[in-house]
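Everything below concerns the one structure shown next.
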Amino acid sequence: MKFAVSISMERFSPDASMQDAVKNFRTLARIADEGGFETLWTAEHHTIECTVSPNPFTVLTWLGQHTDRIRLGTATLVAPYWSPIRLAGEAALCDHLTGGRLEFGIARGAYQYEFDRMAGGIPQQEGVAFMKELVPAVQKLWAGDYAHDGHYWKFPLATSVPKPLQQPHPRIWVAARDPGTFDWAVGIGANILSTPLSAPAAEVGILGEKFRKAVADHPEHPRPRLMMQRRTCVYDRQDDWETAVRHSVDYGRYFENLMQNIGTVTNGFPEAVPFETVANRDNYNPQAVRENLMFGTPDEVIRKLQVYEDAGVDQYCLGLSFNLPFELQVKTLRLFIDEVMPHFAAREPERAALPRFAAAGY
């Protein structure tokens with residue numbers, strides 16, 4: 001199992017400096033690059049200060065100048081906000097400007113608050129139909145001249161300018177949790193981005209089973225990769241868990257505001273909605289948050305990560321952007337690099353000798 005990190009520039013108060021957010025983001029990226037993480041993922045969001053990333057290609061191109069080896073991924077682009085020609089060209093140019101390090105991750109989108117402002121107010125659930133039309137069109141534009149006559153977009157013969165540096169194109173990743181999206185993504189040869197959100201560890205196995213079924217149903221494609229992300233905080237002492245849990249719970253209330261469109265947003269800053277209005281209130285129980293999310297000492301985190309490896313996860317992604325204090329984000333990366341990653345690296349030769357499906361718990 002390889003490791004990735006998901007980070008964004010974030011501000012939760014007008015008093016927080018945007019320049020500090022930029023500097024902290026760059027520092028975390030450099031630590032991850034030097035520490036041997038496989039991929040850095042960053043999101044697309046608009047009009048909200050808690051995730052400052054109106055164009056992830058701009059962010060990744062900039063990070064390409066400050067890192068050397070780490071892969072640079074969009075997790076995720078929001079399909080309804082793009083047109084095929086623009087998306088194909090911007091992604092391909094980013095691939096060139098990062099030296100062929102782009103990982104192309106896309107999703108239907110999540111926040112109804114954003115859809116009301118960026119996609120004409122369509123229900124966020126409709127985003128999957130945009131994605132299923134958009135991705136194949138982008139693939140064809142990367143390949144050469146292509147004319148499109150679809151439901152959402154129509155254009156005469158055109159092509160991507162430039163073409164991607166990676167051939168035939170950067171790896172495509174699709175965010176998925178429901179079986180239909182798993183099946184569609186694997187069916188077009190894409191890899192899977194997934195998350196158990198705040199659910200118990202059993203959800204990891206359920207998602208892994210959805211992935212296995214989609215792979216089995218599409219023997220025409222080589223087995224794709226499965227990435228899974230959780231909020232992560234690693235600390236020295238078991239008694240340090242309360243800080244991570246408190247920030248995760250508070251962040252969840254901002255998330256509920258944007259997902260359900262049930263709170264106010266002032267000058268880009270969402271309010272944290274009251275607990276009485278959140279969905280799945282059990283997910284906010286401090287002990288459940290502590291156990292379900294990737295919070296713990298290095299030994300506890302290694303134990304939790306075994307569940308992911310057993311479920312066939314190829315890349316575990318540390319979700320660091322949930323208003324966790326910067327010093328704890330740095331500490332998490334350092335402890336993960338120094339004490340967690342070596343444990344899995346030491347087992348690589350042994351696991352590499354196993355058949356691919358056996359090594360992944362199939």
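The values are calculated or read from the model by the stated rules, or taken from the named source; none is laboratory data. Keep in mind the model is a prediction, meaning the values are calculated, not measured. Methodologically, a virtual Cβ is constructed for each residue, glycine included, from the backbone with ideal geometry; neighbour enumeration extends over all protein chains shown. Calculation scope for accessible area: heavy atoms of the full protein, side chains included, ligands and nucleic acids excluded. Shrake-Rupley method; radii C 1.70, N 1.55, O 1.52, S 1.80 Å.
Points worth noting:
- Test: residue in segment 309-319 that is open to solvent by 30 Å² or more (accessible area, probe 1.4 Å) and modelled with pLDDT of 90 or more: yes
- Contacts under 9 angstrom Cβ, first residue in segment 283-307 being among the aromatic types (F, W, Y), partner assigned to a helix (DSSP H, G or I) and surrounded by fewer than 18 Cβ atoms within 10 Å (Cβ to Cβ), 6 or more apart: Y284/F275
- Which numbered condition L40 misses (of (1) of a type outside the set (D, E, K, R); (2) without any contact (Cβ under 8 Å) to a residue 60 or more places away in the chain; (3) open to solvent by less than 50 Å² (accessible area, probe 1.4 Å); (4) part of a loop (DSSP other than H, G, I, E, B)): (4)
- Only listed residue being open to solvent by less than 10 Å² (accessible area, probe 1.4 Å), of a type in the set (A, V, I, L, M, F, W, C) and either at pLDDT 95 or above or more than 21 Å from R71 (Cβ to Cβ) (or both), chosen from A201, A185, A216: A185
- As for segment 53-60, it holds no residue that is surrounded by fewer than 23 Cβ atoms within 10 Å (Cβ to Cβ), at negative phi and over 19 Å from the mean Cα position of the chain (by Cα).
- Any chance A4 is assigned to a strand (DSSP E or B) and farther than 18 Å from N323 by Cβ: yes
- Number of the exception - D15 against (1) acidic (D, E); (2) free of Cβ contacts under 8 Å to residues at least 12 places away in the same chain; (3) touching an Asp or Glu at 6+ places or on another chain (Cβ under 9 Å): (3)
- Taken over segment 247-271, the residue count meeting the criterion of being within 24 Å of P200 (Cβ to Cβ), open to solvent by 30 Å² or more (accessible area, probe 1.4 Å) and either among the hydroxyl-bearing types (S, T, Y) or over 22 Å from the mean Cα position of the chain (by Cα) (or both) is 1.
- S6 being open to solvent by less than 20 Å² (accessible area, probe 1.4 Å), within 17 Å of the chain's Cα centre (by Cα) and under 30 Å from R347 (Cα atoms): yes
- Residue match in segment 189-198 (condition: of a type outside the set (A, V, I, L, M, F, W, C), at pLDDT 95 or above and open to solvent by 30 Å² or more (accessible area, probe 1.4 Å)): yes
Matching residues to (1) out of contact with any Lys or Arg (no Cβ under 9 Å at 6 or more places or on another chain); (2) in a helix (DSSP H, G or I); (3) more than 30 Å from P298 (Cβ to Cβ):
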position: K163; (1), (2), (3): yes, no, yes
position: T181; (1), (2), (3): no, yes, yes
position: A185; (1), (2), (3): yes, yes, yes
position: L193; (1), (2), (3): yes, no, no
position: H218; (1), (2), (3): yes, no, yes
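- Only one of E256, E291, E209 that is closer than 26 Å to W184 by Cβ and not in a strand (DSSP E or B): E209
- Selection status of D250, of a type in the set (D, E) and under 30 Å from E271 (Cβ atoms): yes
- Some residue of segment 328-345 being open to solvent by 10 Å² or more (accessible area, probe 1.4 Å), at positive phi and not charged (D, E, K, R): no
- Residue match in segment 144-162 (condition: touching a residue at least 24 places away in the same chain (Cβ under 8 Å), farther than 16 Å from P56 by Cα, open to solvent by less than 10 Å² (accessible area, probe 1.4 Å) and within 22 Å of the chain's Cα centre (by Cα)): no
- Qualifying residues in segment 61-114 (those that are assigned to a loop (DSSP other than H, G, I, E, B), within 17 Å of the chain's Cα centre (by Cα) and not β-branched (V, I, T)) - the one surrounded by the fewest Cβ atoms within 10 Å (Cβ to Cβ): A110
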